[in-house]
1. Restricting to the range 63-82, what's the tally of residues that are within 15 Å of residue 16 (Cβ to Cβ), assigned to a loop (DSSP other than H, G, I, E, B) and either modelled with pLDDT under 95 or in contact with a strand residue (DSSP E or B) (Cβ under 8 Å, 6 or more places away or on another chain) (or both)?
2. If you scan the range 43-54, which residues turn out to be free of Cβ contacts under 8 Å to residues at least 24 places away in the same chain and under 12 Å from residue 70 (Cα atoms)?
3. Name every residue in the range 27-62 that is over 12 Å from the mean Cα position of the chain (by Cα), over 14 Å from residue 8 (Cα atoms) and in a loop (DSSP other than H, G, I, E, B), in order of residue number.
4. Within the range 70-82, can you find the residues that are within 13 Å of the chain's Cα centre (by Cα) and either surrounded by 15 or more Cβ atoms within 10 Å (Cβ to Cβ) or in contact (Cβ under 8 Å) with a residue 12 or more places away in the chain (or both)?
């Protein structure tokens, strides 16, 4: 099975609630991940708020073209839940 996200919901600050196609879901804090050319602009709350589910890509995307691999998101969710 290829991992992908099924649902992305914006939460407070730099948090997203994400549901994966393997049944795992939870809230992820991305505040520490917003570095680099594509992600620095997302430190602006208005830009971060453009986060949405992209069904074609199967992951979260932002209006500036940034996206994160679902595998990375699941790993981060598991790390933050520990």
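1. 2
2. Answer for the range 43-54, where residues must be free of Cβ contacts under 8 Å to residues at least 24 places away in the same chain and under 12 Å from residue 70 (Cα atoms): just 54.
3. Once the filter is applied, which keeps residues that are over 12 Å from the mean Cα position of the chain (by Cα), over 14 Å from residue 8 (Cα atoms) and in a loop (DSSP other than H, G, I, E, B), the range 27-62 yields 35, 36, 37, 38, 44.
4. 70, 71, 73, 74, 76, 77
Residues checked against (1) surrounded by 13 or more Cβ atoms within 10 Å (Cβ to Cβ); (2) over 17 Å from residue 67 (Cβ atoms); (3) out of contact with any helix residue (DSSP H, G or I) (no Cβ under 8 Å at 6 or more places or on another chain); (4) free of Cβ contacts under 8 Å to residues at least 60 places away in the same chain:
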| site | (1), (2), (3), (4) |
| --- | --- |
| 4 | yes, no, no, no |
| 18 | yes, no, no, yes |
| 31 | no, yes, yes, yes |
| 36 | no, no, yes, yes |
| 41 | yes, no, no, yes |
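The values are calculated or read from the model by the stated rules, or taken from the named source; none is laboratory data. Remember, predicted model here, so these are calculated numbers, not experimental data. FYI the Cβ positions are ideal-geometry reconstructions off the backbone, even for glycines, and counts take in every protein chain you see.
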